[in-house]
Amino acid sequence: MIVAERKPLGEIVEMIAQLHKVTVIGCRSCVAICLAGGEKEVKMLISALKLKNRKEGRKQEFDGFVLERQCEKEWVKEVDDKILASDVILSMSCSLGAQTIADMYPEKVVVPGLNTAMFGVPEEQGMWSEKCLGCGDCIIHTTGGICPIARCAKSMLNGPCGGSSDGHCEVNLDIECAWYAIHERLKLQGRLDLLEAVRPPKDWTPSHSGGRRIIVREDAKLTQHQKRGKEAVI
Amino acid sequence: MKRRIQVVICRVCSGAANVLDVEKLLRVANEAPYVGSAIAVNYACNAKTIAQIVEEAKSREVDRMLIIPCSKSDVSPALFQAYKKKAKINEFLMETVDLVGEIVLPHRDNPARAQAKAESKLLAAITRMAMLEPLQKSSEKMRTKNVVIIGAGVAGVEAARQATQAGMHTILIEKSDKEVKAPGVVMPKTRLVSAKGHAGNFILTIEAGEKRETLECAAVVIASGGDWSDAKGPLVQACGAKPLYRLVQEIGEGIISREGVVIVDTPDPKADITSAQDFAWEDAIQSAIEIRKKSPETEVYLLFQEMRALGLDELSYRDAADLGVRFVRYDKKRPPHADPKDKSKIVVIDSVQGQTLSIPYGGVYYASIAPNPDNVSISEALRIPMTESGGLRRGSMQKGPIATPRPGVLVCGSAQFPRSENISRLEGRAAGALAAQLVSTGIVEFGGSVAEVTPDKCSACLTCVRTCPFEAPFIGNAGKAEIQLQLCQGCGMCVGICPSKAIELHNYTDDQLSTETASYIGGDF
Ligand code: SF4
Ligand code: SF4
């Protein structure tokens, strides 16, 4: 899932202090589940902002709610009137949700309440770790199901580097060395031979290096005709 | 629903030391909305007073009661149960407010401040009271009167005796094949594998040899004891240190060394010590006393980092000191060790006096008992949290010293940390009696002020499932969280953490809590 973290309160206040009607919009998807932008966080943030305003003698109006998925126009449309009535949208979703609203309402100020951090998994309650960088060309079938692009600090393809010691990474001794883990995993599977071959440099064009990525599924796209029909129904 | 509140202030307690103006509090209460009657009584805890309060409640037709007695901790909850029953008030529509502990005592030097605070607290409590909903509990019949006891040590056997005396069927499971003299069924070479269900109706899976079977029971008593096998450490190698129970045996057999006895907390004195409770200090001190009595020429030293004797055993410090037992505190950075020049002596630096002592000894004993390694599997099966040192954790003090955080499961003896034989026996008895008390009603009650999920809001994130200490929430067939009423203890942890605000605790809803708080601080927040 997409893992995010709330921005510090001071930073949020700075972004919105000059605007009067603030609408805080959370999301019930990934960021709710990673405890960053669900209904609870929305309510808590509003309370914190109100308290801070009271302390600092500022007057603002707040409204807050969550959308099923903020990155989809249809869900955003449902709160059209509320968005139009506000001076600023404080988005408590990942940046995708915030940008969806910003693109739909170009005249509105949209500010992010969260820092979108990574694709991660909940390792245990209250702890998430990064496991994928979205490189667009997955190779984990050759690395024992462990992604070296995301989990090795140097994204090495032929690891480990000389800084691997006792299974730890030299960049930060608190993180594991991905290549050590890959070695152990492949040893367990009796597939160490996979490490014999030298991996050639990766083609990074399916990743961000090729520019902003757009994925199209021709078979799923609606035809002009269908689209028109739909508009007629609506 | 009427939503008419009766406010009862105990004049003796709340008016203590003339800090609060009780008459003024009464006026404030009477002017508040929803208050049907506000009275002050002398000694709210007295039977005659209760009768008077109940009369008043009936005649004023109130349906809820706010009682302001003395500091809550001093008054038995059972007493207030009596109010509810007699005045026919739903048990969730009666609350108490502690003005004495929270306001009178801390602010006794400033009566004006105390009065202002008491008034706003009273109003906040009235606001809350008016919002409460009557809740009903559900109940379930127990299918059996079985009490399963894990471990046939001193505590386990005692628990079996006590529970059988009270008419329960006890099943004592013991992992070894030692001979056990206990009433009820004894199952040797048996261990607990897993547990399902809840207080009143547990289903345990046990394993005897290769055979697995299930066992129904209403309550479980854990008496797994400590690990009595010999420990390792420098003092074992250098001085032949032995576990304390061997000293107890030797004293019993009349074997007492004249060269001196040293009792040290652990055979590895450099190691970190988590808590003084991890040592059998009660037994150590008793043994020291007996040695001095039986063989006055034997010098006895107790070497420790932290020492704690529980309860009445505290008195034995003085007895031991009077008999000449030497207490020496050391620092783990300078641990006691065998004298390199003369192995028949232990060198220790008294960290209080800075003095170096060289103690000749005939025997060295250690007071540590390792936790039972089986605690891990017991903890997993019955879902009892463990202590840092590997014992099974008891519940909060309010639940009593024998209770675990899990209803229907009791723990006694050295399962948490070493207990002397006497205390183990006492605790075993207490656990047996409490199990019997629980089971004898034949009915388990649950529900009331518990958590409930609004399925539409739930995002099935599993947070509640992971968080609940009692494993009450689960994701049901509809793909949304549900809460198993029988397991929910109403602790509110899932409510607090649910990111989608999908869970509410009855009578502690956001609305109720924030309106109460807003009333207290005067305004919105
Ligand atoms: S924590 Fe809340 S949202 Fe998550 S599963 Fe439980 S009830 Fe549903
Ligand atoms: S209120 Fe407490 S016991 Fe009940 S389901 Fe929630 S976390 Fe579990």
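Put the Cα centre of segment B:242-270 next to the Cα centre of segment B:177-200 and the gap is 33 Å.
FRET efficiency for the residue B:376 to residue B:85 pair, using the beta carbon distance and R₀ = 51 Å, is estimated at 0.70. Candidates B:352, A:186, A:139 compared by Cα position along the dipole of the protein assembly as shown: farthest toward the positive end lies A:139, with charges placed on Cβ.
Taking the Cα centre of the protein assembly as shown as origin and assigning +1 to Lys and Arg Cβ atoms and -1 to Asp and Glu Cβ atoms, the resulting dipole is close to 1160 debye. Each part gets one Cα centre, and for segment A:25-86 versus segment B:425-460 those centres are 38 Å apart. Taking every lysine pair in segment B:5-135 that is 8 or more places apart or spans two chains, those with Cα atoms closer than 21 Å amount to 17. Entry for segment A:136-200 at q = 0.12, 0.16, 0.17, 0.28 Å⁻¹: log10 I(q)/I(0) = -0.26, -0.47, -0.53, -1.32, Debye formula applied to identical alpha-carbon scatterers, no solvent contribution. Charge dipole of segment B:234-368 (Cα centre as origin; +1 on each Lys and Arg Cβ, -1 on each Asp and Glu Cβ, all else neutral): 420 debye, rounded to the nearest 20. Rounded to whole numbers, the Karplus 3J(HN,Hα) couplings from phi for segment B:260-268 are x, 10, 10, 10, 10, 4, 9, x, 10 Hz, using 6.51 cos²θ - 1.76 cosθ + 1.60 with θ = phi - 60°, and x at Gly and Pro.
Among the listed pairs A:77/A:227; B:181/B:294; B:145/B:175; A:73/A:227; A:59/A:82, a Cα-Cα separation exceeding 21 Å is found for B:181/B:294; B:145/B:175. Against the longest principal axis of chain B, how steep is helix B:77-86, in degrees 0 to 90 to the nearest 10, with axes from Cα atoms? Taking Cα atoms only, the helix is inclined about 30 degrees. Would you please name the GluC sites (Glu not before Pro) within segment A:71-164 that are DSSP coil residues with at most 15 other C-beta atoms within 10 Å of their C-beta? Passing both the DSSP loop test and the Cβ count: A:72, A:78, A:107.
The long axis of helix B:47-59 is offset from the longest Cα principal axis of chain B by roughly 30 degrees.
Shape class of segment A:84-234 from the alpha-carbon gyration tensor: prolate, with a/c at 1.5 or above and a/b greater than b/c. Looking at the calculated P(r) for the protein assembly as shown, what percent of the C-alpha pair distances fall above 41 Å? When all Cα pairs of the protein assembly as shown are counted, 56 percent exceed 41 Å.
Here segment B:109-142 and segment B:353-421 have alpha carbon centers that stand 38 Å from each other. Rounded to the nearest 5, what % of DSSP beta bridges with both residues in the protein assembly as shown are antiparallel? Here the share of antiparallel DSSP bridges comes out near 45 percent. Residues of segment A:4-41 that bury at least 40 Å² of accessible area when the other protein chains are present, relative to the chain alone (probe 1.4 Å, heavy atoms, ligands and nucleic acids excluded): A:28, A:33, A:35, A:39, A:40. Rounded to the nearest 500, the 222 nm mean residue ellipticity of the protein assembly as shown from helices alone is -9000 deg cm²/dmol, with -39,500 (n - 2.57) taken per DSSP H run of at least 4 residues. Remark: chain A carries a charge dipole of roughly 520 debye about the Cα centre, counting +1 on each Lys and Arg Cβ and -1 on each Asp and Glu Cβ. Convex hull volume per residue, computed on the Cα atoms of chain B, equals 210 Å³. Taking label points 7 Å from Cα along the Cα-to-Cβ direction, residue B:27 and residue A:161 give a separation of 7.8 nm. For segment A:136-200, the solvent-accessible area with a 1.4 angstrom probe is 59 square angstrom per residue. Rounded to the nearest 0.05, the FRET efficiency derived from the C-beta distance between residue A:193 and residue A:138 at R0 = 22 Å is 0.60. Shape class for segment B:448-506: rounded, because the ratio a/c of the largest to smallest gyration tensor axis (alpha-carbon atoms, square roots of eigenvalues) is under 1.5. Within the accessible area of the protein assembly as shown, the carbon and sulfur atoms contribute 52%, probe 1.4 Å, all protein chains present. What segment B:234-368 shows is 49 Å² of accessible area per residue, with the surface traced by a 1.4 Å probe over protein heavy atoms. Taking 0.36 nm per residue of separation and subtracting the current Cα-Cα distance, fully stretching the chain between residue B:441 and residue B:211 would add 79.5 nm. Extending 7 Å from the Cα toward the beta-carbon at both residue A:63 and residue B:4 defines two label points whose distance is 4.2 nm.
Grab the beta carbon distance between residue B:484 and residue B:514, set R0 = 30 Å, and tell me the FRET efficiency rounded to 0.05.
Between residue B:484 and residue B:514 the formula returns 0.60.
Among the GluC sites (Glu not before Pro) in segment A:1-70, which ones are in a DSSP loop with at most 16 other Cβ atoms within 10 Å of the Cβ? Mind listing them? Filter output for segment A:1-70: A:68. Note on segment B:1-82: Kirkwood radius taken over Cα pairs, Stokes-Einstein applied at 20 °C and 1.002 mPa s, translational D equal to 165 µm² s⁻¹. Eigenvalues of the alpha-carbon gyration tensor of segment A:2-118, scaled by 5 and square-rooted, set the equivalent ellipsoid semi-axes at 20, 17, 12 angstrom, largest first.
The values are calculated or read from the model by the stated rules, or taken from the named source; none is laboratory data. Quantities reported herein were computed from a predicted structural model and do not represent experimental measurements. Because the Cβ atoms are built from the backbone with ideal geometry, glycine has one as well, and the counts that use them run over all protein chains shown. Keep in mind that these areas ignore ligands, DNA and RNA; they rest on the heavy atoms of the full protein, side chains included. Shrake-Rupley method; radii C 1.70, N 1.55, O 1.52, S 1.80 Å.
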